[in-house]
Amino acid sequence: MSAGKRSAGLLLFRTTGTGGGRGVEVLIGHMGGPFWAGREAAAWSVPKGEYGPDEEPAAAARREFEEELGVPVPDGVWLPLGESRQRSGKTVTVWAVEADLDVVSVVPGTFTMEWPRGSGVQQEFPEMDRFAWCTPEQAAELLIVGQRVFVKRLRAQVRGEAAASPEA
């Protein structure tokens, strides 16, 4: 019996405002390739990727961040946001890092696939075709459903509240 697919990722965040008006923004990416082209709602993701049994989740999160954004992981404390099981059955583990990254500096990694399907033609596409800083409310509309919980958990930590249950 297999353990199922696992992914790990990093959710960059930055705080906004001061005092009681303190908020947070998160950096998410629009998934690249023809399947996601023209879609917005539930077509964005935390920069993340799969890893195998011989790789630690944190190492995979670092590797995938660097591959998908083409920049090093910013220095900072990694805040664990736990795991979430996506509809596909994949389990995703995410950490948050506070940093302010200029999306202009991003150089997305690419993947190759046959497109159009059945054509025999191989084409290259960006893993993520654009990145944006979003409020939690914006992210709730844009992120795929299985990843929205990470923004809720981050928001709870930034507000100084008890973190939501990993199963939430």
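Tabulated values for the structure
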{"item": "Checking D54 against (1) without any contact (Cβ under 8 Å) to a residue 24 or more places away in the chain; (2) surrounded by 12 or more Cβ atoms within 10 Å (Cβ to Cβ), the condition it does not meet", "result": "(2)"}
{"item": "Test for F111: is it surrounded by 15 or more Cβ atoms within 10 Å (Cβ to Cβ) and of a type in the set (F, W, Y)", "result": "no"}
{"item": "First in segment 34-45 and modelled with pLDDT of 95 or more, second anywhere and among the β-branched types (V, I, T) and part of a strand (DSSP E or B), Cβ under 6 Å, 6 or more apart", "result": "W44/I28"}
{"item": "Search result, residues across segment 39-74 that are under 13 Å from E127 (Cβ atoms) and β-branched (V, I, T)", "result": "V46"}
{"item": "Strands (runs of 3 or more DSSP E) (entirely within segment 58-168) containing at least 3 residues that are at pLDDT 95 or above, more than 13 Å from the chain's Cα centre (by Cα) and at negative phi", "result": "78-85, 110-114, 122-126"}
{"item": "Single condition P80 does not satisfy, out of (1) surrounded by 17 or more Cβ atoms within 10 Å (Cβ to Cβ); (2) within 28 Å of G160 (Cα to Cα); (3) out of contact with any helix residue (DSSP H, G or I) (no Cβ under 8 Å at 6 or more places or on another chain)", "result": "(1)"}
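The rows are residues; the columns are (1) aromatic (F, W, Y); (2) over 20 Å from T16 (Cβ atoms); (3) open to solvent by less than 50 Å² (accessible area, probe 1.4 Å); (4) touching a residue at least 12 places away in the same chain (Cβ under 8 Å).
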| position | (1), (2), (3), (4) |
| --- | --- |
| A99 | no, no, yes, yes |
| V106 | no, yes, yes, yes |
| R117 | no, yes, no, no |
| V121 | no, yes, no, no |
| M128 | no, yes, yes, yes |
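The values are calculated or read from the model by the stated rules, or taken from the named source; none is laboratory data. On a predicted model such as this, the values are computed, not experimentally measured, just so you know. In this analysis, Cβ positions are derived from the backbone assuming ideal geometry, glycine residues included, and neighbour counts consider all displayed protein chains. Surface accessibility is based on the protein's heavy atoms, side chains included, excluding ligands, DNA and RNA. Shrake-Rupley method; radii C 1.70, N 1.55, O 1.52, S 1.80 Å.
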